[in-house]
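The values are calculated or read from the model by the stated rules, or taken from the named source; none is laboratory data. From a predicted model like this one, the values you see are computed outputs, not experimental measurements. Reconstructed Cβ throughout: ideal geometry from the backbone, glycine too, with neighbour counts over all protein chains shown. These area figures cover heavy atoms from the full protein model, side chains too; ligands, DNA and RNA do not enter into them. Shrake-Rupley method; radii C 1.70, N 1.55, O 1.52, S 1.80 Å.
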Amino acid sequence: MTRAARIVLKLVAFSTVAFALINLGLFFVVRSSTFRNWSQAELSRRSGLEIRFVEIAFRPPFRILAAAVEISKPGALSLRADRVSATVSPFDLFSQTLQRVDIETPVLQIDVQEILKPTNGASAKLALRHLDIKNGRIVLKKGDATVFELPNINLAANNLNLGERAGIDLRAALPYLKAEAELRLTGQARNLETEIVIRPTPQGMFARREPDA
């Protein structure tokens with residue numbers, strides 16, 4: 001074996017050991033209550049929202065999981081989810097990019113009167129490469145009254161630019177109405193334009209009525 005090959009082999013072995021030690025250290029540090037309290041405070045400060053979670057864990061290579069997540073802005077919105085996981089690459093931190101966010105069984109409540117009010121504050125720009133939502137629910141409220149509810153939401157979206165003008169379409173089945181609902185949001189985070197369309201499904205349009213006995 002040549003001297004250059006031995007040097008390359010040593011560098012590879014050193015990098016592998018260092019990577020394993022870093023991941024092992026992050027595994028224990030992220031699970032600590034000190035890190036959990038710090039991350040909750042830091043995320044709340046940067047986002048302007050109240051963010052809480054019961055547990056947080058690290059999974060190699062770059063995945064962070066949080067359980068029993070609560071995100072809220074009093075009077076405007078609240079989000080509760082069983083689990084949220086985020087995949088972050090160190091190379092994307094400088095470009096304010098998240099590779100992937102997965103959200104399980106979220107319930108998002110939005111107060112229409114508050115969320116659509118204009119704001120003079122600049123929104124932080126954040127790129128999200130992939131968003132996956134499983135078995136979600138959106139509740140639109142006006143004060144204490146529920147205006148509209150979208151259950152059974154499953155969403156996969158790519159290349160979202162948060163903080164800039166963008167659009168997103170959500171579609172959900174309304175079996176009790178024999179229809180489906182489509183929610184379209186466009187604009188910036190605090191200056192959204194909302195469009196809700198309810199269409200009867202083919203079963204709802206042409207369902208046969210059984211004759212009376």
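Of all the residues in the range 32-58, those that are modelled with pLDDT of 85 or more and farther than 21 Å from GLN109 by Cα number 15.
Comparison of ALA57, ALA41, ALA4 shows that the only residue that is open to solvent by less than 80 Å² (accessible area, probe 1.4 Å) and over 30 Å from ASP82 (Cβ atoms) is ALA4. Let me confirm something: among ASN159, ASN154, which residue is within 17 Å of the chain's Cα centre (by Cα), modelled with pLDDT of 65 or more and either more than 22 Å from VAL69 (Cα to Cα) or part of a helix (DSSP H, G or I) (or both)? Just a single option satisfies the conditions, and that option is ASN159. Candidates in the range 20-36 are the residues that are of a type in the set (S, T, N, Q) and closer than 10 Å to ILE56 by Cα; of these, the one that is most open to solvent (accessible area, probe 1.4 Å) is SER33. So, of the residues in the range 87-99 that are part of a strand (DSSP E or B) and either among the aliphatic types (A, V, I, L, M) or buried (at least 17 other Cβ atoms within 10 Å of the Cβ) (or both), which turns out to be modelled with the highest pLDDT? Looking at residues that are part of a strand (DSSP E or B) and either among the aliphatic types (A, V, I, L, M) or buried (at least 17 other Cβ atoms within 10 Å of the Cβ) (or both), I get THR87.
What do you reckon, is ALA122 at pLDDT below 80, over 22 Å from PRO200 (Cβ atoms) and touching an Asp or Glu at 6+ places or on another chain (Cβ under 7 Å)? Judged against the criteria, ALA122 is not a match.
A count restricted to the range 51-83 and to residues that are assigned to a strand (DSSP E or B) and either of a type outside the set (D, E, K, R) or closer than 18 Å to LEU98 by Cα (or both) stands at 19.
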